[in-house]
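The values are calculated or read from the model by the stated rules, or taken from the named source; none is laboratory data. These figures come from a predicted structure and were not determined experimentally. Because the Cβ atoms are built from the backbone with ideal geometry, glycine has one as well, and the counts that use them run over all protein chains shown. SASA here: full protein model, heavy atoms, side chains in, ligands and nucleic acids out. Shrake-Rupley method; radii C 1.70, N 1.55, O 1.52, S 1.80 Å.
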Amino acid sequence: MPDALDAPRSPAPYDALLLLSFGGPEGPEDVVPFLENVTRGRGIPRERLKEVGQHYFLFGGVSPINDQNRALLHALRKDFADHGLDLPVYWGNRNWAPYLTDTLRELVGDGHRRVLTLVTSAYASYSGCRQYRENLADALAALDAEGLPVPRVDKLRHYFNHPGFVEPMVDGVLTALADLPAEVRAGAHLAFTTHSIPVAAADASGPVEDHGNGGAYVAQHREVAGLIADAVRERTGRDHPWQLVYQSRSGAPHVPWLEPDICDHLEEAQTAGAPAVVMVPIGFVSDHMEVKYDLDTEATAKAAELGLPVRRSATVGADPRFAAAVRALVRERAATESGRTVERCALGALGPGHDLCPVGCCPARTPKPTVAGADSTYGEATAVDDEEGTR
């Protein structure tokens, strides 16, 4: 993917990039402590967490997400070095080592004061955006309480419709279709999957007035699904029926969540005469546990029970095009912060997202401090000025 920001190459005013992710256990002994971190404050008994952890135990107690992030970290560092972007890349997690607060301590100890953050969630929602911004605020408050410098932390805009994120998924669908038996390939349906969230949370993703029912969360996923389906039609000459479906629901049964579930959808597709289905996990950057278990294990078993051929397309992961997209987004934001006009790359009708989350965007049940938003607690007024005093 060509870089529209070849000059200037400087990432100023930024002096570091933080890769921020969810985290996951790396051995059986980590599973319950990890789940305790994820569910802290909800009062879930330890025995119940052991039951929930069975998904991890099926894979030796190891989530793929940390290795996926190590691969992405390597891809970003290589891409930056290959293209003259002098910007160190750090990695921190919300729920497991390397913990976000520890990484920020390391980062400020290395002298960095102006940080861009890449979150491994491409779409708008409380859990996919604002909660990470809350975690950043908590970590900065911890540094402040310890008497450490508090860096200015910004967040890269949502990248769901950036070509460097979409194009690898198009190739993944084409590969999955090619792997189906020839007699069912032409008529295969596409099931674009993402994490189900409560309907109320989806409706509140936004700003709400811009998107209506399902909020930005549903609108953005439908946009990506349509972009991929259109690209597949252009490259194959075949129009594959498609639907946005959901997976990985976890919540009280009486609370409405986004539907249909992928397993229910497979039943419906089989009943409707679909000869095969390609499951396309557009809601996930990498093949972490909710992809490996909910799709590769549970949904694939359901399809076998139905006698329905299925394939699962690849996530973006550490694809070089995604690394190049991150580089372009860094240069775009650096140019904007430096007062330069820059073309903002995005596919489809929704256009490029905001750099600064609006007031009230994806609200929490209880308001909490955040960064990287118009209503942020830690911003220019509280961050340490850089050495040149420009912010």
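Below is a table of values for the structure above.
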read-out	value
Candidates Val89, Val359, Val170: whichever shows maximal mean-square fluctuation once the chain is modelled as a Gaussian network with Cα springs under 10 Å	Val359
The chain - mean residue ellipticity at 222 nm from DSSP helices (-39,500 (n - 2.57) per run, n ≥ 4, rounded to 500)	-11500 deg cm²/dmol
Estimated inter-spin distance, Ala200 and Thr175, nm [label 7 Å along Cα→Cβ]	4.1
From the coordinates shown, Rg/Rh (Cα atoms, Kirkwood Rh) corresponds to which of [x] 0.96; [y] 1.08; [z] 1.04	[x]
Segment 242-289 - percent of accessible surface contributed by carbon and sulfur, probe 1.4 Å	50
Rough spin-label spacing in nm, given labels placed 7 Å along Cα→Cβ, for Ala364 and Asp210	2.2
Beta bridge orientation in the chain: antiparallel %, DSSP, nearest 5	5
Loop-resident sites, segment 68-175, for GluC sites (Glu not before Pro), counting at most 13 other Cβ within 10 Å (DSSP)	Glu146
Rounded FRET efficiency, nearest 0.05, which uses the C-beta distance separating Glu36 from Ala145 and R0 of 25 Å	0.60
Ala71 paired with Phe59, simple spin-label distance in nm, labels 7 Å along Cα-to-beta-carbon	1.2
Mean separation of Cα contacts under 8 Å, 6 or more apart, over the residue count of the chain: relative contact order %	24
Trypsin sites (Lys or Arg not before Pro) within segment 31-124, DSSP loop, no more than 12 other Cβ atoms inside 10 Å	Arg40, Arg42
Charge context of Asp230, other residues only, Cβ under 15 angstrom, K/R +1, D/E -1	-1
Carbon and sulfur %, accessible surface of segment 58-214 computed with the full protein complex present, 1.4 Å	52
Per residue solvent-accessible surface (Å²) - the chain, probe of 1.4 Å	42
Dipole-positive endmost among Leu100, Tyr56, Leu76 within segment 47-106 (Cβ charges, Cα centre)	Tyr56
